[in-house]
1. Compute for the chain: radius of gyration divided by Kirkwood radius, i.e. Rg/Rh, restricted to C-alpha atoms, rounded to two decimals.
2. Any idea what the alpha-carbon Rg over 2.2 N^0.38 Å comes to for the range 148-254?
3. Cut-off under 14 Å on the C-alpha distance; same-chain residues fewer than 8 positions from residue 276 excluded. Which aspartates and glutamates are left, in chain and number order?
4. Once amide H atoms are placed 1.01 Å from N in the peptide plane, what residues at a sequence separation of 5 or more from residue 167, or on another chain, have their amide H within under 5 Å of its amide H?
5. Taking K and R as +1 and D and E as -1, what net charge do the other residues with C-beta under 15 Å from the C-beta of residue 275 add up to?
6. To the nearest 0.05, how large is the calculated FRET efficiency for residue 130 and residue 29 if R₀ is 35 Å and r is the Cβ-Cβ distance?
7. How many angstrom lie between the Cα centre of the range 238-277 and the Cα centre of the range 48-124?
8. Classify the range 193-271 as rounded, prolate or oblate, taking a ≥ b ≥ c as the square roots of the eigenvalues of its Cα gyration tensor: rounded when a/c is under 1.5, otherwise prolate if a/b is larger than b/c and oblate if not.
Amino acid sequence: MSSSSRDALHFPESDRTFLEPSLPPQDGSTPRPDLPFTTLTFATSLDSSLSLAPGTRTALSGPQSKAMTHYLRSRHDGILIGVGTAVADDPGLNCRIAGVGGYGGEGLHGQPRPIVIDPSLKWDFSEGSKLFQMCREGRGRAPWIVTTVQEPPAEKAALMEAYGGRFITMNIPSSDSGSCRMDWRELLRVLRSNGLRSVMIEGGARVINSLLEPSYMALVDRVILTIAPTWLGQGGVVVSPARRLGEDGEPMSAARLKNVQWYPFGEDVVLCGEMKI
């Protein structure tokens, strides 16, 4: 048995029915022609944490919801993360559902394009990185890296070119704190103009929290959230968008979902909904 066969995940048709209304249309159409269908999806604890501490890889999803996440990847053209997640996890960013390309299917059919937001090229990837290992084995695509660097290091550029990846250079201004503030509308336009009709955004916390800001939340077409039955405790990496104030200056909810559905996957619960604007 090949390693890809051993690693393959199975997600039954009976569970896919629940997800279908929240997935990108099969015909490739999008609600806005200049933007991809955008899904925000991640796994969280009961105290809204993604991990125990910054840079600490923390497993939250059970086997059934993990298979669901990989099925979601098969239904999107791209999968996007921030550089912090890339550095901490050395992710493969591929789809392991049985029947997609590399796992019993032809070519790379069903494999999403990895996209890493890395403004200053902090991610010190190499040919030994898991993502490029997936490429060599025919089980994943090469990444697109979104950066502000006009001329990436020659060694990195050569590696990307060899595997069919690319750098996407954008103007990403810095906030007062020195961190970069992504213009999500412009980035999504760039991804759509490069052929991606749907994008699945997986994290980490800075990426998710910034997308939940009032100026950007309307860009999110669906939210698919896995909730694990555990508390990670104080000091974790938390999804919690900035507090909003009403016209009277009183605190109000930062964001809310509508048309919500819940579905149990093993010990986890999956929530699907739309942003209430």
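1. Details: Rg = 18.3 Å, Rh = 19.4 Å.
Checking Rg against Rh, the ratio lands at 0.95.
2. Numbers: Rg = 17.6 Å, N = 107, 2.2 N^0.38 = 13.0 Å.
It is 1.36.
3. Cα-Cα hits under 14 Å: 213, 221.
4. Here 145 satisfy the definition.
5. That works out to +4.
6. On the way: r = 33 Å, r/R0 = 0.95.
FRET efficiency, residue 130 to residue 29: 0.55.
7. 23
8. Details: a/c = 1.56, a/b = 1.08, b/c = 1.44.
Here the range 193-271 falls in the oblate category.
The values are calculated or read from the model by the stated rules, or taken from the named source; none is laboratory data. What you see is a predicted model; the values in this text were computed from it and never measured. Cβ atoms come from the backbone with ideal geometry, glycine included; neighbour counts cover every protein chain shown. In case anyone asks, the SASA skips ligands and DNA or RNA and just uses the protein heavy atoms, side chains included. Shrake-Rupley method; radii C 1.70, N 1.55, O 1.52, S 1.80 Å.
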